[in-house]
Amino acid sequence: MLVKTFCAAVNGLQVTTVTVEVHITKGVLYHLTGLGDTAVRESKDRIVAAMQNSGFRFPTADITINLAPADIKKEGSSYDLPVAIGIIAANEEMNAERLADYMLVGELGLDGRLQPVRGALPIAIRARAEKFKGLIVPSQNVHEAAVVNNLEVYGMDTLLDVVQFLNGAKQFEPTIIDTRREFYEQQAKHDLDFADVRGQENVKRALEVAAAGGHNLIMIGPPGSGKSMLAKRLPSILPPLSLSESLETTQIHSIAGKLSRDTGLISLRPFRSPHHTISQVALVGGGATPQPGEISLAHNGVLFLDELPEFNKQTLEVLRQPLEDRRITISRAKYTLEYPCSFMFVASMNPCPCGYYGDPTHHCVCTPGQIQRYMNKISGPLLDRIDIQIEITPVPFKDISKTAPGEPSDTIRSRVIAARQRQEERFSQHRGIHCNAQMTERMIHQYAEPDDASLEMLRMAMQKFSLSARAYSRILKVARTIADLEGSDRVQSHHIAEAIGYRQLDRGDWAER
């Protein structure tokens, strides 16, 4: 007897519907075809134990199972459930009439319980696109998959539950989630706030400018000056995620298995802070079993690299192309995947090996040559992609001891949102451009061209501070954002002056002060 069930294969963000064909005839062999990996091939042992412990008989027959299309690699344990249901139906222990209406995913425990799988959300989106009536997933994945509307999503605990439901012997209610209400309720829940930060007003301003224009930023300062504390609060002033951004971000985290049981849509912008020992593969993605890397997990959010010079130089260099293209293509011998990675890049570093260069309260023991070698750990092409470079000094006691809180994140965020709205209107005719940091050279001349006085100021600054040629465009982009925060249609001289102040590392005499 031949029976077909349906599931899905997830490769990157691409999801393919997989038809599980089960054929039983006389014999004693078990054949599994369809380019399954080790986890798929090992499913027989899990399925046999799960069926027997759920009250079903594993047939003594020649069983042929094909996962079609057979030329797409199948990975993971999510095929356990559709294969088991196919075997039970082919052995005539259940009614097969409703199998065509539902897509099934789930790993089987030896006791017949369903275990969670990765990628439930993109699978649910695929099931709706393929016009399936419903999707059956493990209970741990039901909240994640149920955010997809116009699809009945059922969370099941055991293999027996699934069989009884498909037989019509037991009724289950689909999980229904008010996606919009849940999404918007969670958006304002930030644990960290700029109101907790005493002093550092110039750095807060730089972070506000970075958030308003989507600019990459690096902070240079001695240990204990507050670099990490400030960076962790950056998501609290970024514009809220839109529903489409949230859906795309949630899909990436679902594929990586990073969603908790009660998580529907991700409502807050991601903040990823990997350790400096991270490998290239962990940063950009890939591996034997392809997974999104940290840059994709930071999509629509912030990637924060603390102590930037401590990262492996080759690892840092792989960031150059994703920072420009905002997508990462991972090409290996057996697969090619593409993940989105549009993120704000934020980094922090000490100014020298001992950490106290420029600190008024500590004596630096490093020579200019040592300082320059330390700075050279960050390549010029990577530094070229960082618009704002701000120096931080420790907060004096009189500012730390202030009882009055600083400006709250909500107030700063309102200004950032207003500036982003101006940019959205300005770039409405330019596809894929949403903020000033994404402007091309032609757009810089169109929207951020300074007047004669500002141009003369910029010329003098480049000569006085030995600014590199690459700093020119970056200064104009940042100046355009400062003007947007002020509500100005034109880039004026004081906007240029502030933007010049954010190019600390470009100064030729930085290590010789």
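The values are calculated or read from the model by the stated rules, or taken from the named source; none is laboratory data. Being a predicted model, the structure only gives us computed values, none of them experimental. Virtual Cβ from ideal backbone geometry, glycine too; neighbours counted across all protein chains shown. Only protein heavy atoms, including side chains, enter the accessible area calculation; ligands, DNA and RNA are left aside. Shrake-Rupley method; radii C 1.70, N 1.55, O 1.52, S 1.80 Å.
Backbone phi angles across region 253-270, fed through the Karplus curve with coefficients 6.51, -1.76 and 1.60 (θ = phi - 60°), yield HN-Hα couplings of 5, 5, 4, 7, x, 9, 8, 7, 4, 9, 8, x, 8, 5, 9, 10, 5, x Hz in residue order; Gly and Pro are listed as x.
Which one, (i) 56; (ii) 49; (iii) 62, gives percent of Cα pairs over 33 Å apart as derived from the coordinates shown? This structure yields the entry labelled (ii).
Derived scalar couplings between HN and Hα for region 36-47 equal x, 7, 4, 4, 6, 5, 7, 5, 4, 5, 5, 5 Hz in order, rounded to whole Hz, by the Karplus curve 6.51 cos²θ - 1.76 cosθ + 1.60 (θ = phi - 60°), x for Gly and Pro. Taking all protein chains into account, the per residue accessible area for region 162-288 stands at 42 Å² (1.4 Å probe). Expressed as a whole number of Å, what is the distance separating the alpha-carbon centroids of region 118-181 and region 468-493? Their Cα centres are 50 Å away from one another.
For the chain, the longest principal axis of the C-alpha atoms and the axis of helix 80-90 are separated by about 20°. Amide H to amide H, with H built 1.01 Å from N, G34 comes under 5 Å of L67, counting only residues 5 or more places away or on other chains. Here's how it looks for I330: its modeled amide H is under 5 Å from those of L337, E338, Y339, which are all 5 or more places away or on a different chain. Taking square-rooted eigenvalues a ≥ b ≥ c of the alpha carbon gyration tensor, is region 462-503 rounded, prolate or oblate, where a/c under 1.5 means rounded and, failing that, a/b exceeding b/c means prolate? It comes out prolate by the Cα gyration axes. For the chain, the longest principal axis of the C-alpha atoms and the axis of helix 452-464 are separated by about 90°. Cysteines of the chain lacking any other cysteine Cβ under 4.7 Å from their own Cβ: C7, C341, C354, C364, C435. With a ≥ b ≥ c the root eigenvalues of the C-alpha gyration tensor of region 371-470, is it rounded (a/c under 1.5), prolate (a/b larger than b/c) or oblate? Because a/c hits 1.5 or more and a/b fails to exceed b/c, region 371-470 counts as oblate. Under 5 Å from the amide H of L241 lie the amide H atoms of R269, each residue being 5 or more positions distant or on a separate chain, with H modelled from the backbone and absent for Pro and chain starts.
For region 112-119, 3J(HN,Hα) computed residue by residue from phi via the Karplus equation (6.51, -1.76, 1.60; θ = phi - 60°) reads x, 7, 8, 10, x, 10, 8, x Hz, glycine and proline entered as x. As a rough guide to protection, the peptides 153-159, 80-86, 339-345, 210-216 ranked by mean Cβ packing within 10 Å, highest first, stand as 80-86, 210-216, 339-345, 153-159.
When the square roots of the Cα gyration tensor eigenvalues are ordered a ≥ b ≥ c, the ratio a/c for region 345-397 is 1.5 or more and a/b does not exceed b/c, which makes its shape oblate.
Among the listed pairs K26/K133; K4/K73; K258/K334; K74/K334; K26/K74; K232/K258, give every one whose C-alpha distance is greater than 23 Å.
Values: K26/K133 34 Å; K4/K73 19 Å; K258/K334 25 Å; K74/K334 12 Å; K26/K74 27 Å; K232/K258 20 Å.
Table pairs above 23 Å Cα-Cα are K26/K133; K258/K334; K26/K74.
Taking the C-alpha atoms only, the angle from helix 120-129 to the longest principal axis of the chain is near 70 degrees.
Dipole magnitude for the chain: computed about the Cα centre from +1 point charges on Lys and Arg Cβ and -1 point charges on Asp and Glu Cβ, it is near 620 debye.
Each Cα pair under 8 Å and six or more residues apart adds its sequence gap; the mean of these over the residue count of the chain is a relative contact order of 13 percent.
To put it simply, the accessible area of region 33-81 at a 1.4 Å probe is 49 percent carbon and sulfur. Taking the Cβ of Y154 as the centre, find all other residues whose Cβ is under 13 Å away and add up their charges (Lys, Arg: +1; Asp, Glu: -1). Residues close to Y154 contribute a combined charge of -2.
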